[in-house]
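Here's the structure we're looking at; comments come further down.
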Amino acid sequence: MNCWHCERPAHGTCMFCGRALCKDCAQEMPHIVALYQNERNVYRAIVTAHALFCGICEPREDPIELPELK
Ligand SMILES: [Zn+2]
Ligand SMILES: [Zn+2]
């Protein structure tokens, strides 16, 4: 698979949309790996700070609500 941006061989894929990326074109973005509820029934998120990001697919900065999880 080649990089979405420059057509050179890719080193990884965007965590958010799956586009292939080389090291030069890849950007970084925090990514939620897992959600869990603590002992007080509050949802917490485990986040990786530097997930691969293609720079195109624009994941939202503000988390959306998921009322169906309640
Ligand atoms: Zn590239
Ligand atoms: Zn992407």
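The values are calculated or read from the model by the stated rules, or taken from the named source; none is laboratory data. Quick caveat, the model's predicted, so the values are computed rather than measured. Glycine also receives a Cβ, built like all others from the backbone with ideal geometry; neighbour counts cover every protein chain displayed. Note: accessible area is taken over every heavy atom of the protein model, side chains too, but ligands, DNA and RNA are not part of it. Shrake-Rupley method; radii C 1.70, N 1.55, O 1.52, S 1.80 Å.
Do we have ILE56 as more than 10 Å from ligand 2 (Cβ to nearest atom) and in a loop (DSSP other than H, G, I, E, B) here? In short, no.
Within the stretch 36-47, residues that are within 14 Å of LEU69 (Cα to Cα) and without any contact (Cβ under 8 Å) to a residue 24 or more places away in the chain sit with their Cβ atoms under 7 Å from residues that are open to solvent by less than 100 Å² (accessible area, probe 1.4 Å) and hydrophobic (A, V, I, L, M, F, W, C), at 6+ positions apart or across chains, in these pairs: ALA45/ILE32; ALA45/LEU35. Filtering the stretch 42-58 to residues that are surrounded by 10 or more Cβ atoms within 10 Å (Cβ to Cβ), over 21 Å from ASN2 (Cβ atoms) and not β-branched (Val, Ile, Thr) leaves TYR43, ARG44, ALA45, HIS50, GLU58. Here GLU39, GLU61 are screened, and the one residue that is surrounded by fewer than 13 Cβ atoms within 10 Å (Cβ to Cβ) and modelled with pLDDT of 90 or more is GLU39. Of all the residues in the stretch 7-31, those that are within 15 Å of ligand 2 (Cβ to nearest atom) and either in a loop (DSSP other than H, G, I, E, B) or open to solvent by 40 Å² or more (accessible area, probe 1.4 Å) (or both) number 16.
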